[in-house]
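Below is one structure, written out as structure tokens; the observations come after it.
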């Protein structure tokens, strides 16, 4: 009897998956447990194993198709076995070439790119966030002189121990996590008219991809040292760009950091990732004027930060104290004991 191969559900909130690539063709022999299909959700790429041993047939989902989870997308059959009648009755899907799309378009020549699952989810989540959450922003300009020195010291230490590079983001994660411990309202979520103050401090890292955005999570960041956070964040970001994150690695963030400094952006605002209530946007470290205590003006490396918060949960004074503490910690980062 033919074995049904269904589109798997890998996330409780997941409704659909998109076919990326079949690694076996119609009519080929497959073995149970062998990876024969690659799919993607709105967050990650997943390898799918064959549910049985036999001949692959009746493939009804093709690369680029977005299919509801639980849908039968193929069958594994014994040698000589025919497809189930329901599969034989299934009408073929209309598949348009780019040529066909252009022919249907009455406008000028153009390239049309169908939305993939990731882009569709980004559109839905950010539209909902921007339309339903009253964002309020707070800016701070941070003197990064000491930060840069401490980071250099950590990187010198990392080289001695053959550890990975300590990035600006890694140090930001540590500072923000420690600050959140003193500001629990910023480490909260609003769900169904209930505010949840989280005991765990899990920092989401907004990572830009070629076709979208993904947010891997450094769990319990306040309990880890700088080198641990650096190694973990480097690994998460690298695998995010390769599409190799697991579902658990993109869940559970309680606060998000978005760093566009590597792209040369000096200041920007970020949209809150619900149900979180805050996101910190940081720009590039660049030379800027700094006024000292005696009103003297010097040129120092500065970084501009913008905190966006959900004004339904976070009052202005609460947010102002949080970003002031982040600024103070960054400007007076603890130096290593040599």
Residue 220 in contact (Cβ under 8 Å) with a residue 12 or more places away in the chain, surrounded by fewer than 17 Cβ atoms within 10 Å (Cβ to Cβ), at positive phi and out of contact with any strand residue (DSSP E or B) (no Cβ under 9 Å at 6 or more places or on another chain): yes
Residue tally, condition in a helix (DSSP H, G or I), within 23 Å of the chain's Cα centre (by Cα) and either without any contact (Cβ under 8 Å) to a residue 12 or more places away in the chain or surrounded by fewer than 16 Cβ atoms within 10 Å (Cβ to Cβ) (or both), over region 139-180: 1
Number of the condition not met by residue 195 [criteria: (1) assigned to a loop (DSSP other than H, G, I, E, B); (2) touching a strand residue (DSSP E or B) at 6+ places or on another chain (Cβ under 9 Å); (3) surrounded by fewer than 17 Cβ atoms within 10 Å (Cβ to Cβ)]: (1)
Count - residues of region 270-301 that are more than 17 Å from the chain's Cα centre (by Cα) and at negative phi: 18
Residue within region 262-278 that is in the same structural domain as residue 314 (by TED's automatic domain parsing) and under 14 Å from residue 170 (Cα atoms) present: yes
Among residues of region 152-198, those that are out of contact with any helix residue (DSSP H, G or I) (no Cβ under 9 Å at 6 or more places or on another chain) and at pLDDT 95 or above, counted: 4
In region 240-252, residue modelled with the highest pLDDT [restricted to those that are more than 10 Å from the chain's Cα centre (by Cα) and not in a helix (DSSP H, G or I)]: 252
Subset of region 22-39 (residues that are buried (at least 16 other Cβ atoms within 10 Å of the Cβ) and under 15 Å from residue 75 (Cβ atoms)): 22, 24, 30, 36, 37
Residue satisfying condition, being outside any helix (DSSP H, G or I), free of Cβ contacts under 8 Å to residues at least 40 places away in the same chain and either touching a helix residue (DSSP H, G or I) at 6+ places or on another chain (Cβ under 6 Å) or outside the structural domain of residue 148 (by TED's automatic domain parsing) (or both), within set 289, 284: 284
Unique residue being touching a residue at least 60 places away in the same chain (Cβ under 8 Å), more than 21 Å from the chain's Cα centre (by Cα) and at negative phi when the list is 122, 136: 136
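The values are calculated or read from the model by the stated rules, or taken from the named source; none is laboratory data. Here the structure is a predicted model, which is why all the values come from computation and not from measurement. Because the Cβ atoms are built from the backbone with ideal geometry, glycine has one as well, and the counts that use them run over all protein chains shown.
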